[in-house]
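Worksheet: the structure to be examined is printed underneath.
Where a number appears in this text, it was derived from the coordinates with a stated rule and is not lab data. Fair warning: this is a prediction, and the values are worked out from it, not measured in the lab. No Cβ is skipped: glycine too gets one built from the backbone with ideal geometry, and neighbour counts run over all protein chains shown.
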Amino acid sequence: MLIGQYTGRLNLKRRVAIPKKFIQKLGNRPIMAKWYENCLVLVSNEGWKELLKRIGSSQKLMIAPVRDIDRFVSGSAFELEADIQGRVIIPDILSKFAGLGEEVVFLGLGDRVEVWNRETWEAKETKIMDEAKAALEEIAKNE
């Protein structure tokens, strides 16, 4: 299972080491693509097939929203090649999309890893914490 939060450093050539616990599960040829909220998604080859099923790309009827999701995610996907140290080069188009700087965050979410610009993730995490407090208070009132 892909869980936990790790930081990494992106060098000038856009090379970054995927955390060891993640690369062991993802394999040496993980797939990276644009994802929602200006982050990237990183999955194994097998995980990619499952992800496509979840987001609707495997539907028989390709209605406009499904086609748009397919274009956004599949159209931006790259199969990466990890070296012996688990380092990959993030394609320029993906790095720019996510606004990656020198520090990146790898966020394990069970079946996938999200890759965030550190500052963007910290702002998002703060927002999530604030919203979670309010949601929990509302749930507690209704119990």
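Here the extension length gained between Arg87 and Ala64 equals 4.6 nm, from 0.36 nm per residue of separation less the Cα-Cα distance. Backbone geometry of region 16-33 corresponds, through the Karplus equation with coefficients 6.51, -1.76 and 1.60 at θ = phi - 60°, to 3J(HN,Hα) couplings of 9, 8, 6, x, 3, 4, 7, 5, 4, 8, 7, x, 7, 10, x, 10, 10, 8 Hz, x marking Gly and Pro. Going through (1) 52, 40, 27; (2) 64, 46, 38; (3) 75, 36, 35, the figure that equals Cα extents along the principal axes in Å as computed for the structure here is (1).
The count of lysine pairs in region 1-71 with alpha-carbon distances below 18 Å, taking only pairs 8 or more places apart or on different chains, stands at 4.
Run lengths n ≥ 4 of DSSP H only: what is the helix-derived mean residue ellipticity at 222 nm for the chain, with -39500 (n - 2.57) per run over all residues, to the nearest 500?
Mean residue ellipticity at 222 nm (helix-derived): -12500 deg cm²/dmol.
A simple charge model with +1 on the Cβ of Lys and Arg, -1 on the Cβ of Asp and Glu and nothing else charged puts the dipole of the chain at about 560 debye relative to its Cα centre. Taking the Cβ-Cβ separation of Ala123 and Tyr6 as r and a Förster radius of 22 Å, what is the calculated FRET efficiency to the nearest 0.05? Efficiency, rounded to the nearest 0.05: 0.75.
With both labels modelled 7 Å from their Cα along Cα-to-Cβ, the Ala134 to Arg15 distance reads 4.5 nm.
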